[in-house]
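Report on the following structure.
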Amino acid sequence: VVAFFYDIFFVFVTPLLFKGQSVMITVATSGGPPKADPLWCEKYPDDANCQGGDPLPMLFTVPRIDDYQGGSSLLGLGDIVLPGLLLSFAARLDAAKQLLA
């Protein structure tokens, strides 16, 4: 439960506190998204202002299929590990209850 509220705070509340910049997205993308206008970057993708930071190794970027601008969604390690731990602990609990019954 604490990890859920931690994630909500750092993704959605910190932009309200830090002038529109999400702390979690800035850290995960090593400086945040490109600073230039998306239409400018579509025309000049090699411009220095169109290059975002290099993502951390614990960050998956999943391309959006229906996005005409070619955007992507960020999927962090915690979005994969925590549900995986929940499923593995639930499976272990079920197996332990079957042994006792």
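The values are calculated or read from the model by the stated rules, or taken from the named source; none is laboratory data. If you're wondering where the values come from, they're calculated on a predicted model, not measured in any experiment. Virtual Cβ from ideal backbone geometry, glycine too; neighbours counted across all protein chains shown. Heavy atoms of the whole protein, side chains included, go into the accessibility calculation; ligands, DNA and RNA do not. Shrake-Rupley method; radii C 1.70, N 1.55, O 1.52, S 1.80 Å.
Scan Ile80, Ile65 and give me the residue that is within 19 Å of the chain's Cα centre (by Cα), modelled with pLDDT of 80 or more and open to solvent by 90 Å² or more (accessible area, probe 1.4 Å).
Ile65
Please indicate, with yes or no, whether at least one residue in segment 25-34 is open to solvent by 60 Å² or more (accessible area, probe 1.4 Å), in a helix (DSSP H, G or I), free of Cβ contacts under 8 Å to residues at least 40 places away in the same chain and β-branched (Val, Ile, Thr).
yes
For segment 67-101, what are the residues that are more than 24 Å from Asp7 (Cβ to Cβ) and not in a helix (DSSP H, G or I)?
Once the filter is applied, which keeps residues that are more than 24 Å from Asp7 (Cβ to Cβ) and not in a helix (DSSP H, G or I), segment 67-101 yields Tyr68, Gln69, Gly70, Ala101.
Inside segment 4-16, can you point out the residues that are surrounded by fewer than 11 Cβ atoms within 10 Å (Cβ to Cβ) and farther than 21 Å from Thr61 by Cα?
Those that are surrounded by fewer than 11 Cβ atoms within 10 Å (Cβ to Cβ) and farther than 21 Å from Thr61 by Cα: Phe5, Leu16.
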